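One structure below.
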Amino acid sequence: MDKDIQVLFVDDEESIIDGIQRLFIKEPYGISGTTDVGQARQILEREKIKVLVSDHRMPAMLGVKFLQETKEKHPDVIRILFTGYTDFSAAEEAINLGQVYRFISKPWKTTELLATIRQAIAYYDLVVENRRLYEETRAQNEELEIANRKLVDMYQLQREFTSTVSHELRTPLASIKTAVDLVARKMLGDVTNEQKEVLDRAKRNVDRLRHLVDDILDLTKIESGKLEMNFQMNDINHVVQEVADSLRDVAQSRGLYLKTELDTRIPRVPFASDRIIQVLNNLLGNAIKFTKEGGITVTSQDRSANNHIVVSVTDTGKGIAEEDIPKLFQKFQQIESPEENEEGGTGLGLAICKEIITRHGGKVVVESAPGKGSTFSFILPIQERRLPFTSK
Ligand SMILES: Nc1ncnc2c1ncn2[C@@H]1O[C@H](COP(=O)(O)OP(=O)(O)OP(=O)(O)O)[C@@H](O)[C@H]1O
Ligand SMILES: [Mg+2]
């Protein structure tokens with residue numbers, strides 16, 4: 001079987017070429033030898049030569065020159081110079097200039113010559129393989145980058161779309177609500193009990209939809225860093241009391257107590273009261289939703305020594321399994337399946353709470369045990385150390 005010619009010898013002495021041909025006969029690769037530089041050039045063009053060995057002193061051209069020329073035309077070919085002792089300095093200079101991989105001095109030792117050529121072929125293969133791998137990785141990276149850019153664009157588009165649609169839904173929803181209200185309150189004429197029931201159901205559903213649209217709008221604002229926060233020095237006890245008072249009727253209608261235990265020493269702290277009201281509405285709303293017996297206690301505590309205050313909402317409800325706690329703050333996450341969930345909701349509340357509290361430089365903490373109830377607390381720093389505006 002013909003072996004691929006991988007090594008080329010150039011030497012002006014015919015006898016040397018003959019000797020080399022015999023020496024390499026058993027090697028796994030083919031070699032070619034010539035005394036003529038012109039022919040050597042043709043072989044380099046024609047064959048896939050990995051290693052070129054050239055004599056230095058040749059009548060037509062100096063070996064170093066020929067190797068330099070080859071470097072320009074076939075940069076991958078590993079170049080080796082054959083030299084007598086007298087040409088040692090020329091070889092050394094060529095190596096330093098990077099024109100030659102190494103040199104072999106004449107007369108050579110057979111084993112050394114064979115080993116050097118094998119090594120040079122292995123080196124060539126390594127360089128080529130490395131380059132292939134590099135190109136492959138680069139191409140893959142480029143593809144990944146393009147895919148990534150597309151994803152970012154699509155995500156941005158989706159966000160804008162969600163935001164626009166939610167916004168556009170608000171006005172018609174408000175108008176439906178007013179219309180239903182008007183009829184239900186008999187402003188447009190008498191309404192039978194049966195009709196009133198249907199209208200009340202419609203009203204509840206419109207409210208749910210509005211709640212969902214508002215949450216989605218908040219979330220898109222949060223994600224694009226556009227949720228406004230009006231930070232001011234405020235009294236947290238005042239805000240907690242207001243929210244608790246507004247939800248007491250709802251709690252009592254379900255047979256639950258709703259009480260507050262407020263620490264009067266608490267200092268005023270910087271917060272955006274609209275947003276903290278939103279957080280408290282959700283935490284209290286959740287506590288009421290997921291409690292069947294007992295009730296809800298909201299406490300505030302001064303922890304000035306640690307530079308923060310803590311507000312906690314404790315319920316005597318169903319509680320949450322430890323493995324479910326990390327899921328709570330993810331968007332659209334509800335622990336119970338839609339069939340079990342009689343209370344509706346969208347699973348956005350806690351994701352929004354967490355973001356709001358984080359923007360205040362604070363933290364939300366959950367302690368819960370199934371069957372025993374839950375405590376959701378948030379910490380607000382006293383000294384302003386809000387995170388700067390973050391966008392995702
Ligand atoms: N106090 C609680 N007791 C037990 N489970 C709770 C409590 N608070 C939250 N959870 C669980 O965490 C889930 C996520 O709460 P989150 O407030 O994010 O959503 P939601 O109340 O279901 O809907 P939304 O707040 O968007 O109207 C709830 O569906 C519930 O499974
Ligand atoms: Mg909720």
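Values computed for the structure shown
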read-out	value
Criterion: surrounded by fewer than 12 Cβ atoms within 10 Å (Cβ to Cβ), in a helix (DSSP H, G or I) and either in contact (Cβ under 8 Å) with a residue 40 or more places away in the chain or assigned by TED's automatic domain parsing to the domain that holds Phe376 (or both) - qualifying residue of Asp324, Asp245	Asp245
Residue in segment 337-351 that is of a type in the set (Val, Ile, Thr) and at pLDDT 90 or above present	no
Condition broken by Val298, with the remaining ones in (1) in a helix (DSSP H, G or I); (2) buried (at least 19 other Cβ atoms within 10 Å of the Cβ) satisfied	(1)
Counted residues, segment 302-324 - those being more than 16 Å from ligand 2 (Cβ to nearest atom), of a type outside the set (Ser, Thr, Tyr) and farther than 19 Å from Asn281 by Cα	9
Val53 vs. criteria of a type in the set (A, V, I, L, M) and under 23 Å from Arg22 (Cβ atoms)	yes
Selection count where residues are without any contact (Cβ under 8 Å) to a residue 24 or more places away in the chain and under 30 Å from Leu227 (Cα atoms), scope segment 175-199	2
Segment 72-123, residues that are more than 52 Å from the chain's Cα centre (by Cα), among the aromatic types (Phe, Trp, Tyr) and crowded, with 18+ Cβ neighbours inside 10 Å	Phe82
Exclusive hit being farther than 23 Å from Lys221 by Cβ, within 14 Å of ligand 2 (Cβ to nearest atom) and in a loop (DSSP other than H, G, I, E, B), set Thr346, Thr291	Thr291
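The values are calculated or read from the model by the stated rules, or taken from the named source; none is laboratory data. Predicted model only: the values in this text are computed from it and were never measured. So basically every Cβ, Gly included, is an ideal-geometry build from the backbone, and we count neighbours across all protein chains shown.
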